[in-house]
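Below is one structure, written out as C-alpha cells; the observations come after it.
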Amino acid sequence: MGQDQTKQQIEKGLHLYQSNQTEKALQVWMRVLEKSADPAGRFRVLGCLITAHAEMGRYKDMLKFAVVQIDTARELEDPNYLTEGYLNLARSNEKLCEFQKTISYCKTCLNMQGTTVSPQLNGQVSLSMGNAFLGLSIFQKALECFEKALRYAHNNDDKMLECRVCCSLGNFYAQIKDYEKALFFPCKAAELVNDYGAGWSLKYRAMSQYHMAVAYRKLGRLADAMDCCEESMKIALQHGDRPLQALCLLCFADIHRSRRDVQLGLLKLHCLCERIYRTKGQQRELRDHVVKFHECVEEMELYCGMCGESIGEKNNQLQALPCSHFFHLKCLQTNGTRGCPNCRRLSVKPGYV
C-alpha cells in the first residue's frame, strides 16, 4: 500500500469513526497497519488507533499501539515524531495508573531537542503530568501542571484542551473537597462542548457530565447529579467505554446512598450491569445480575401481590391501599372489597398512583 492509498484509507477510517461506526473504522485502520509500506502513514494510523482505544477505555490496547508507534518514530529518526510518541506512551501509562512512568515519559517529551512540534504539545504534556501527580496525591505539583496546561490552552485558543483541563481541575477540587470549584470547572467544560464541540467526540460531553455529577452529589443536589450521571452513562454505553461505565455505576450508588434508598440503588446497579453484560454477550455475568435484580424486586415487594407480575415493567396503572401495599388497578378491580390480599386488612377507597 503506497503513500496516497494509505492517506485515503486513514481518512476513510476517520469518516467511519466520526459517523459512530467504530468497529468498521478499526478494521480499516488495522488493514492499513498491516499493508502500508509508508512509515509516516503507519505512525499516523497508530495515532488514530491510540485515540480510539483511549476513548473506548481499552487502555492495554492503547499502550500496545503506543509502544509500536514509538518504534516507528525511531525508525523515522524524526524528533517531532518521537515527541508525539512519548506523549502517547505517557497518556497510556496514565490511564493504566502507572503514574511514575507517566511523569518520566512527560519529562522526556519536555526535554526533547530540535523539535518544532513540541511547543504545541506542551499543554497536553502538562495535563498528563498533572493527572499523574494527582494520582499520586501530590496536589501542589498537580495544580501547577493544570494551571500551566490551562494557560497554554488560553494562549493558543485550544478549546478541546481547555475542556480536558477543566475536567481534570474538577477532579482535583473534588479530591481536596472544594466542591464549589469542583462544580465550576466541569460546568465550564460542558459550556465548551456546547459552544465548540459539534465535531468533537461525545467522550468530551460524557467526561464533563460525569464530573458535574460528582460535584452535584457532594453539594447535595441529588436530582442534578442523577441527570448528569445518566447522560454520561448513556454515552459510555454507546461508546463501549467500560471504565467510564464503572465510574458512573459508583456515582449512581453514591447518589442512592445519599438519598438513603439503598435498595433502589442496588436495583439500578443490577439493571445497568445487566445491560452492559447483555451487550458484551457475557452470559454468566448476565445471569448473575438478572437473578440479583429479581431478588431485589422481591425483597422490596415491587410486584403485584395478586398476579405476581413485577410492578413497573409495563405501563400499567397502579393503586395503593391504606395499608401501603401496591397492586395493579385491574387486579384490585377483580378483588372487590375483600381487603388487602397481602395483610388481609379491609380496604377502603384506594389511592391512585
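The values are calculated or read from the model by the stated rules, or taken from the named source; none is laboratory data. Note that this is a predicted model, so its numbers are computed, not measured. As a convention, Cβ positions derive from the backbone with ideal geometry for all residues, glycine included, and neighbour counts pool all protein chains shown. To get the accessible areas, we keep the full protein, side chains included, count just its heavy atoms, and leave off ligands, DNA and RNA. Shrake-Rupley method; radii C 1.70, N 1.55, O 1.52, S 1.80 Å.
Values for this structure:
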quantity	calculated
Largest to smallest principal axis extent of the C-alpha atoms in region 162-203, angstrom	33, 14, 14
Descending semi-axes in whole angstrom, ellipsoid equivalent of region 1-118, from the Cα gyration tensor	24, 18, 10
Per-residue SASA entry for Met207, accessible area with 1.4 Å probe, Å² rounded to 10	50
Size of region 128-274 as Cα extents on the principal axes (Å, biggest first)	48, 33, 24
Which of Leu110, Leu87 is most accessible, then next, and so on - probe 1.4 Å	Leu110, Leu87
Rounded to whole Hz, the Karplus (6.51, -1.76, 1.60) HN-Hα couplings of region 142-156, x for glycine and proline	4, 5, 4, 5, 5, 5, 5, 5, 5, 4, 4, 4, 5, 5, 10
Viscosity 0.890 mPa s, temperature 25 °C, Stokes-Einstein D of region 31-92 from Kirkwood C-alpha radius, µm²/s	217
Three principal axis lengths of region 76-198 [C-alpha, angstrom, descending]	47, 32, 21
For region 47-105: accessible area per residue (Å², 1.4 Å)	42
Accessible surface of region 138-226, 1.4 Å probe, proportion on carbon and sulfur as whole %	48
Of Lys177/Lys203; Lys101/Lys181; Lys107/Lys148; Lys101/Lys177; Lys7/Lys159; Lys148/Lys188, pairs whose Cα-Cα distance is over 20 Å	Lys177/Lys203; Lys101/Lys181; Lys101/Lys177; Lys7/Lys159
Solvent-accessible heavy-atom area per residue, rounded to whole Å², over region 145-263 at 1.4 Å	47
Net charge over other residues, Cβ less than 9 angstrom from the Cβ of Lys7 (K, R count +1; D, E count -1)	-2
Dipole moment magnitude, nearest 20 debye, region 18-112 about Cα centre, only Lys, Arg, Asp, Glu C-beta charged	220
Order by protection proxy (mean Cβ within 10 Å, highest first), peptides 71-81, 168-178, 279-289	168-178, 71-81, 279-289
Cut-off 13 Å between beta-carbons: net charge of the residues surrounding Ala54, Lys and Arg +1, Asp and Glu -1	+4
Total formal charge among the other residues, if their Cβ is under 13 angstrom from that of Pro39, Lys/Arg +1 and Asp/Glu -1	-2
